[in-house]
Amino acid sequence: MHGGYGSMNILNGVNMTLYADEVGVIVGPNGAGKSTMLKAVFGLLNVNQGEILLNGQPIHNLPPNQLVERGMGFVPQEKNVFPSLTVKENLEMGAYLKPQNVKRMLEQVYDFFPPLVEKRHQPAGELSGGQRQMVAMGRALMAEPSLLLLDEPTAGLSPLYMNEIFDRVKKINAAGVGILMVEQNAKQALAIADKGFVLAAGQNRFTDTGAALLADPDVAKSFLGG
Amino acid sequence: MNELVFFINNVVIAGSVTGSIYAIGAIGVTLIFSIMRFAHFAHADIMTFGAFMVLLLTTAFPAVGASIGVPTALIMLPLAMLLTAALAVGIDKAFYKPLRAHGVKPIVMVIGSLGVTLMLQGLIRLFSGTGGQSLYVDDRKEIFRLALPFEGVRAPIVITEPQIYLFVITLVAVVALHLFLNRSRLGKAMRAMSDNPELAQASGINTNTIVAVTWVIAGALAAIAGTLLSLDVTFKPDLSFFLLLPIFAAAIVGGVGHPYGAIAGGFVVGFAETLAVFNWNVLLRPFRDSLPTWLELPSNLAFVGTEYKIVVPFFILVAILVWRPTGLFKGKVI
Ligand SMILES: Nc1ncnc2c1ncn2[C@@H]1O[C@H](COP(=O)(O)OP(=O)(O)OP(=O)(O)O)[C@@H](O)[C@H]1O
Ligand SMILES: [Mg+2]
């Protein structure tokens, strides 16, 4: 697939395949087009050539709200909460298309991220980075997605929170949700990945299972810092 | 005591009337800004349009109110709100939506809204004429004089029927808006879109729907503000246009994009204006005897003359922009 923000391509022929309940991890240097890839999958920018299929159906012309209806959830890298809405309202917005599920899903998300219970009436803008990341993931989970796109969920978090988030990602996947995730903490992320994609300059450089990429000396040398 | 009554009549009541109208106008401006990120200069003339619809409907069916005992104009208000909401949505479809689709800068939208305001003004004048017309077509404007039960108080507190309706309707509108924004799914989605439009879209919120809802609310509120203003004075095609500056001042004072700020800002600007043109001589007169003889009280002790009232919101605006650019409540910086 080729695509970018206007007519100029940032992605120059990326190719990724992920099965329904797998964890896919995209790693690569800054500016490689990792975020751009996720945005393209989520219908936020132009696909100029090639196609994106979800369950065999072409989806690259669909707007985000229809992708949400089809079971896709997206947690952006930045600005991933509604700062002036309370934690609870943030989560409610996640289930905007399924208002009948709000109560049941709120309980599930609070179970999943217990620290949010106490903060539920506080504006999300007042939370710490880690808590905000929980709100962001919680919001996406509220729609009960079958595929979750996460853009650097651990960026800027302390190691403690980082492990917490990776742990949650594993749990979400164990519940049957497919994950496509961009990560800077490549080693940790590839360790939980079924598929790994090393992206550079808008193209796949290496594509293999997470374990194989971790074991590959070429990948280690150029992308995992030795 | 007579002086106190004078103060109540000329500051408390007059300020609340002005403040309420500014507040309702400013809420519309601020909501439009929070969703579409541009200053909607045509808002005042949408207010005029709403009042004009009430005038047309009242002229067509002048006797409806008498049977219920309410001014006909008030009975026509809900209908006028609907028509004005439809106009606002229509204007958006015809003029602003194509601009948005091109991804233009906010300033282009602002200029576009200036064009819309000129067009609306022309159209309304074409049908209404340029003179003033009372919205009380067949009804009589009730004036209540409440005498205070104190010795030596001669002057009564004067309040008119439309002023009472104005306070009630403002209160209802503000409470309804509060409940809508905080309790309803659509209202929360509106706040969400104001916070972060991309994430709102990523949550499955249809942003086109939210834009339309915003215009419906802004249009309906504009109809209320324009009608209440015209009820209090008379309908004139340029009446609301002169409120554009104070209404924007109110929205900015409160913190742009912040509905409660707009309410507070409306009353701040309304009262500041009233206090500035109030003749303080009246309040000082009882102490005349205790003042030193060389201090002669001038007969008019207002801060500014009534004809310069418009400088007050302008001054407040500049002061706020200098000292607190985000407004009283923390709004979006423009
Ligand atoms: N909104 C945008 N409009 C135009 N170009 C953009 C936009 N966002 C990103 N780009 C460009 O696209 C390229 C890839 O950016 P992208 O955000 O996908 O990188 P990334 O791999 O996610 O990097 P990082 O690790 O820093 O998050 C960069 O050259 C960037 O300048
Ligand atoms: Mg990125």
Of the residues in region B:16-71, how many are buried (at least 24 other Cβ atoms within 10 Å of the Cβ), not aliphatic (A, V, I, L, M) and not in a helix (DSSP H, G or I)?
-> 2
Sole residue being within 16 Å of ligand 2 (Cβ to nearest atom) and without any contact (Cβ under 8 Å) to a residue 12 or more places away in the chain, chosen from A:Gly31, A:Gly24 | A:Gly31
If you go through region A:32-63, how many residues are at pLDDT below 90, within 13 Å of ligand 1 (Cβ to nearest atom) and not aliphatic (A, V, I, L, M)?
-> 1
Hey, could you check region B:297-322 for residues that are part of a helix (DSSP H, G or I) and either of a type in the set (S, T, N, Q) or in contact (Cβ under 8 Å) with a residue 12 or more places away in the chain (or both) and say which is surrounded by the fewest Cβ atoms within 10 Å (Cβ to Cβ)?
-> B:Thr306
Out of contact with any Pro (no Cβ under 6 Å at 6 or more places or on another chain), free of Cβ contacts under 8 Å to residues at least 24 places away in the same chain, closer than 28 Å to A:Pro123 by Cα and more than 16 Å from ligand 2 (Cβ to nearest atom), is that true of A:Pro64?
-> yes
Limited to region A:69-90, what total is found for residues that are out of contact with any helix residue (DSSP H, G or I) (no Cβ under 6 Å at 6 or more places or on another chain) and more than 8 Å from chain B (Cβ to nearest Cβ)?
-> 6
Restricted to region A:173-203, and to residues that are β-branched (Val, Ile, Thr) and in contact with a helix residue (DSSP H, G or I) (Cβ under 7 Å, 6 or more places away or on another chain), which residue is farthest from ligand 2 (Cβ to nearest atom)?
-> A:Ile192
Among the residues of region A:146-168, which ones are in contact (Cβ under 8 Å) with a residue 60 or more places away in the chain and either more than 20 Å from A:Lys79 (Cα to Cα) or within 15 Å of ligand 2 (Cβ to nearest atom) (or both)?
-> A:Ser146, A:Leu147, A:Leu149, A:Leu150, A:Asp151, A:Glu152, A:Pro153, A:Ala155
Residue hits (region B:97-113; in a helix (DSSP H, G or I) and among the aliphatic types (A, V, I, L, M)) are B:Leu99, B:Ala101, B:Ile107, B:Val108, B:Met109, B:Val110, B:Ile111
Pick from region A:166-186 the residues that are assigned to a helix (DSSP H, G or I) and surrounded by fewer than 18 Cβ atoms within 10 Å (Cβ to Cβ): which of them is farthest from ligand 1 (Cβ to nearest atom)?
-> A:Ala174
Helices (runs of 4 or more DSSP H) within region B:114-226 that include 3 or more residues modelled with pLDDT of 95 or more and closer than 28 Å to A:Lys88 by Cβ | B:161-183, B:185-195
A:Ala189 vs (1) within 14 Å of ligand 1 (Cβ to nearest atom); (2) surrounded by 21 or more Cβ atoms within 10 Å (Cβ to Cβ); (3) under 22 Å from A:Ile10 (Cα atoms): all pass except (3)
Residue that is out of contact with any helix residue (DSSP H, G or I) (no Cβ under 9 Å at 6 or more places or on another chain), away from every other protein chain (no Cβ under 14 Å) and either buried (at least 24 other Cβ atoms within 10 Å of the Cβ) or closer than 28 Å to B:Gly132 by Cβ (or both), where the choices are B:Thr227, B:Thr234 = B:Thr234
Scan region A:114-165 for residues that are part of a loop (DSSP other than H, G, I, E, B), in contact with a helix residue (DSSP H, G or I) (Cβ under 9 Å, 6 or more places away or on another chain) and of a type outside the set (S, T, N, Q) and report the count.
-> 13
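The values are calculated or read from the model by the stated rules, or taken from the named source; none is laboratory data. These numbers come from a predicted model, not from an experiment. Because the Cβ atoms are built from the backbone with ideal geometry, glycine has one as well, and the counts that use them run over all protein chains shown.
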